[in-house]
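A.B. asks: Starting off with a structure, shown below.
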Amino acid sequence: MTYQGVLQKMQTEFLSPIQYYLVFKDSFLNVNQLLGKQVEISFQGYECLNCEKQKKIFRQGFCYDCFMSSPAVGDWIMKPELSTAHLDIEDRDLAYEKRVQLQPHVVYLALSSEVKVGVTRKTQVPTRWIDQGAVQAIPIVEVPNRYLAGITEVALKSHYTDKTSWQKMLKNEVLQADLVAERSKTYDWLPDEVKQHYASDSTLYNLDFPVLNYPKKVSSLNLDKTPNYSGTVTGIKGQYLIFEDGTVFNIRTYEGYVVKISL
């Protein structure tokens, strides 16, 4: 059986274990069904996720022109503290920026390799944590816009990393930590204008990934250098496929790439 289409990040369902789906224009694939099976991935070309032209992908699934102009990849995406829609100040497209920035955001602690702090739109809970490969996560505050979430994250980055070690995450080398206890420390570190949004609810989310075996060593599949790869799928974690030989394939990295997947 063969599936072909433009890669976009896997869609997920928060079940136990988490369910993963690759969605193409004319078909979709429940990726969990690939566990234990031999799969071949073949690079076919490019299609920009924004303009849909067959142009080489630059970053985040976008060709160079779209990456430099689209509001969906403004600097405030990676650095929420740069958000300005709450001030009516435009970066690239104020209407778009208001739609995305002026909605509830959650600042959280997550455990993927070690305790990290992060920001996500409330609508992306728990999807954001799934995409990071976090085994546990806990919200700290829910704020009304992205700017407040951003300055909160900046304050907490003095105490926690904001990065995940993808190698440790995929090998399941996760530090032991008590997120409930860690969360209780954060109130004193919050910016004054955010403290009112600190909630007493400290629901701890546990995430169960569909992994048969964790690798001891990992090596990333690079479609530009290895346009055809075949291997047995032994796990799915974050946005990665894990193969029996220790090869890992980051779907997110290759958004906008057209691939053929043969089972």
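The values are calculated or read from the model by the stated rules, or taken from the named source; none is laboratory data. Predicted model only: the values in this text are computed from it and were never measured. Using ideal geometry, Cβ is built from the backbone for each residue, glycine included, and neighbour counts are taken over all protein chains shown.
A.B. asks: Being touching a helix residue (DSSP H, G or I) at 6+ places or on another chain (Cβ under 8 Å), of a type in the set (A, V, I, L, M, F, W, C) and not assigned by TED's automatic domain parsing to the domain that holds Ile130 is the requirement here; does Val194 meet it? Step through it out loud before you land on a result.
C.D. replies: On the way: touching a helix residue (DSSP H, G or I) at 6+ places or on another chain (Cβ under 8 Å): yes; of a type in the set (A, V, I, L, M, F, W, C): yes; not assigned by TED's automatic domain parsing to the domain that holds Ile130: no.
No, not satisfied.
A.B. asks: Could you say whether any residue in the range 78-98 is β-branched (Val, Ile, Thr) and touching a Lys or Arg at 6+ places or on another chain (Cβ under 9 Å)? Break it down into steps so the answer makes sense when it comes.
C.D. replies: Going through the range 78-98, the residues β-branched (Val, Ile, Thr) turn out to be 84, 89.
Filter again for touching a Lys or Arg at 6+ places or on another chain (Cβ under 9 Å), leaving none.
No; the residues of the range 78-98 include none that is β-branched (Val, Ile, Thr) and touching a Lys or Arg at 6+ places or on another chain (Cβ under 9 Å).
A.B. asks: State which residue is nearest to Ala137 (Cα to Cα) when the search covers only the range 168-199 and only residues that are of a type in the set (A, V, I, L, M, F, W, C) and assigned to a helix (DSSP H, G or I). Walk me through it before giving the result.
C.D. replies: Pass one, the range 168-199, residues of a type in the set (A, V, I, L, M, F, W, C): 169-170, 174-175, 177, 179-181, 189-190, 194, 199.
After this cut, where a residue has to be assigned to a helix (DSSP H, G or I) as well, the list is 169-170, 179-181, 189.
Numbers: Met169: 14, Leu170: 17, Leu179: 7, Val180: 9, Ala181: 12, Trp189: 19 Å.
Applying the filter and picking the extreme gives Leu179.
A.B. asks: Please enumerate the residues belonging to the range 158-185 that are of a type in the set (Lys, Arg), closer than 17 Å to Tyr198 by Cα and either surrounded by 15 or more Cβ atoms within 10 Å (Cβ to Cβ) or touching a Gly at 6+ places or on another chain (Cβ under 9 Å) (or both).
C.D. replies: As a first pass, look at the range 158-185 and keep what is of a type in the set (Lys, Arg): 163, 168, 171, 183, 185.
Those still in the list that are closer than 17 Å to Tyr198 by Cα too: 183, 185.
Selection gives Arg183 alone.
A.B. asks: Only one of Val194, Val174, Val233 is touching a residue at least 12 places away in the same chain (Cβ under 8 Å) and closer than 30 Å to Gln54 by Cβ. Can you tell me which?
C.D. replies: Numbers: Val194 fails: closer than 30 Å to Gln54 by Cβ; Val174 fails: closer than 30 Å to Gln54 by Cβ.
Sole residue among the options that is touching a residue at least 12 places away in the same chain (Cβ under 8 Å) and closer than 30 Å to Gln54 by Cβ: Val233.
A.B. asks: Suppose we keep only residues that are of a type in the set (Val, Ile, Thr) and in a loop (DSSP other than H, G, I, E, B) within the range 200-241. Which one would you say is surrounded by the most Cβ atoms within 10 Å (Cβ to Cβ)? Walk me through it before giving the result.
C.D. replies: Pass one, the range 200-241, residues of a type in the set (Val, Ile, Thr): 203, 211, 218, 226, 232-234, 236.
Next, from what is left, pick out any that are in a loop (DSSP other than H, G, I, E, B): 203, 218, 226.
Details: Thr203: 9, Val218: 18, Thr226: 12.
Within the range 200-241, the match that is surrounded by the most Cβ atoms within 10 Å (Cβ to Cβ) is Val218.
A.B. asks: Sticking with this structure for a sec: Give the range 250-263 a look and list any residue that's buried (at least 17 other Cβ atoms within 10 Å of the Cβ), farther than 12 Å from Gln167 by Cα and within 18 Å of the chain's Cα centre (by Cα), or say none.
C.D. replies: Filtering the range 250-263 for residues buried (at least 17 other Cβ atoms within 10 Å of the Cβ) gives 250-251, 253-259, 261.
Narrowing further to those that are farther than 12 Å from Gln167 by Cα: 251, 253-259, 261.
Of everything in the range 250-263, those that are buried (at least 17 other Cβ atoms within 10 Å of the Cβ), farther than 12 Å from Gln167 by Cα and within 18 Å of the chain's Cα centre (by Cα) turn out to be Ile251, Thr253, Tyr254, Glu255, Gly256, Tyr257.
A.B. asks: I need every pair where a residue in the range 61-88 that is free of Cβ contacts under 8 Å to residues at least 12 places away in the same chain and assigned by TED's automatic domain parsing to the domain that holds Arg252 has its Cβ under 9 Å from the Cβ of a residue that is surrounded by fewer than 16 Cβ atoms within 10 Å (Cβ to Cβ) and aromatic (Phe, Trp, Tyr), sequence separation at least 6 or different chains.
C.D. replies: Note: no pairs meet the criteria.
A.B. asks: Then there is this: Identify the single condition in (1) more than 17 Å from the chain's Cα centre (by Cα); (2) in contact (Cβ under 8 Å) with a residue 24 or more places away in the chain that Val135 does not satisfy, given that it satisfies every other one.
C.D. replies: Among (1) more than 17 Å from the chain's Cα centre (by Cα); (2) in contact (Cβ under 8 Å) with a residue 24 or more places away in the chain, the lone unmet condition for Val135 is (1).
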